[in-house]
Amino acid sequence: MNRAKIILPVIVLSQFCCTSLWFAGNGVVNDLVTNFNLQENALGHLTSAVQFGFIVGTLVFAILTISDRFSPSKVFLTCALLGSLFNAGIIWDGNTLFTLLAFRILTGFFLAGIYPVGMKIAADHFDKGLGKSLGFLVGALVVGTAFPHLLKELTGGGLWKYVLLSTSSLAVFGGLLMFIIVPDGPYRKQSQNVNFIACFSVFRQQNFRSAAFGYFGHMWELYAFWAFVPLLLKAYSLQQSGVNFNIPLLSFLIIGVGGLACLLSGYMAQIIGAKRTAFLALLLSGICCIVSPFMFAIENEVFFVGFLVFWGVVVIADSPLFSTLVAQNVTPELKGTALTIVNCIGFSVTIISIQLLTSLSAFTDSNYIYSILAIGPVFGLIALSVRR
């Protein structure tokens, strides 16, 4: 077997398997509400719990420079095993809101050793064409994120525990696959010592700051959109009489199509550049945020779903490109730490936007609340504009 030819497919498959843990709770949130007597706003809290755990995890990993000091594949495996364990904990019949949030926080913590570490592994193996490689990788994240919605549809309403057991099993498989097949990359430069300020010193470089701030603006919108896709579909079906959406299947399609978008943006970046491609995608997603409230008044469900599919494409297309720009503007021995701290801050932003939308949706049923997601793209576009 020629390992070099299968490195990228294995990284992509492993990333898909392990990141299916991310929205496993979202895929069965209605069942959790019913079985554990939760409030209707549990979606926002459970999503934010994963994000919070991921933030804490990435901060710890970044400060301790874990992925730069230890073999990334071993870190990936360890976190995949632990993340799968805590994800499966949700099926415990004695769960309360507190224990459910705890399990999601711990799952998010160990996702910090999966998503950014997976990008670090890819960057260690691929120097040229990094944007395309990360496009495949983030595409795997997107499909993995959407996958629990498809599992929910395939297993039926009464088998929600199988969604969680299936995603945990996939994570174990993905972690083992990465560990067994993917060695340390030829472009890896090991950091020898703990550097507690390394994760902050990288922001001294202007081009790095520009790419990072663009990513933060992108993240304000991304996970809030993903988390609220089922609610967007539900709100439209309630507003337009006679519309009865298959919400789990459509949620999978709307989020999952972003995987293809990441692949296309990676190839597009090779033609017009990563920065220009990211700028265009961020601009289009910002426009979607602004016009989204008006889409609910259009009495054509095909058009509405088409709009959400388009939004699902442009909302994620810039993500691998921001990671590429971040990786290209930092020294090799701090590449993993830089990617991790940028993820840490970016996911901190997602909690604010998700909780803001959750609070507003509890206060009002107006669809105009989704236009506040445009704040992120506007901020990101300004940041990209000042990049040298």
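Read-outs throughout are calculated quantities, based only on the coordinates presented, and are distinct from any laboratory measurement. Here the structure is a predicted model, which means the values were calculated and not measured. Neighbour counts run over all protein chains shown; Cβ positions are idealised from the backbone, glycine included.
Helix 335-363 and the longest principal axis of the Cα set of the chain meet at an angle near 10°. What would the Debye equation give as log₁₀ I(q)/I(0) for segment 77-189 at q = 0.18 Å⁻¹, counting only Cα atoms as equal point scatterers? Rounded to two decimals, the profile gives -0.97. Placing pseudo-labels 7 Å out from each Cα toward the beta carbon at D93 and N244 gives an inter-label distance of 3.3 nm. Altogether, the Stokes-Einstein calculation at 20 °C and 1.002 mPa s, with the Kirkwood radius of segment 191-340 over Cα pairs as Rh, returns a diffusion coefficient of 126 µm²/s.
Looking at this model, which pairs from K161/K234; K74/K120; K74/K132; K74/K152; K74/K161 are more than 19 angstrom apart at the alpha-carbon?
Working: K161/K234 23 Å; K74/K120 13 Å; K74/K132 25 Å; K74/K152 31 Å; K74/K161 29 Å.
Exceeds cut-off: K161/K234; K74/K132; K74/K152; K74/K161.
Taking 0.36 nm per residue of separation and subtracting the Cα-Cα distance, full extension of the segment from L176 to F203 would add 6.3 nm.
In segment 1-95, the C-alpha radius of gyration followed by the widest Cα-Cα span (Dmax) gives 16.5, 53 angstrom. For the chain, adding -39500 (n - 2.57) for each run of n ≥ 4 DSSP H residues and dividing by the number of residues yields -25500 deg cm²/dmol at 222 nm. One decimal place: the segment S366-Y267 gains 31.8 nm when fully extended, by the rule 0.36 nm per residue minus the C-alpha distance. Largest GNM mean-square fluctuation among A24, A261, A297, using the chain with Cα springs under 10 Å: A297. The coefficient of translational diffusion for segment 246-296, derived via Stokes-Einstein from the alpha carbon Kirkwood radius under 25 °C and 0.890 mPa s, stands at 196 µm²/s. The phi torsions of segment 364-369, fed into the Karplus equation with coefficients 6.51, -1.76 and 1.60 and a -60° offset, translate into couplings of 8, 9, 5, 7, 6, 5 Hz, rounded to whole numbers, with Gly and Pro shown as x.
For the chain, modelled as a GNM whose springs connect Cα atoms under 10 angstrom apart, the maximal fluctuation among S84, S292, S359 occurs at S359.
Evaluated with a Cβ-only charge set (Lys, Arg +1; Asp, Glu -1), the chain carries a dipole of roughly 1280 debye about its Cα centre, given to the nearest 20. Segment K234..F310, full-extension length gain: 25.5 nm, with 0.36 nm per residue of separation and the alpha-carbon distance subtracted.
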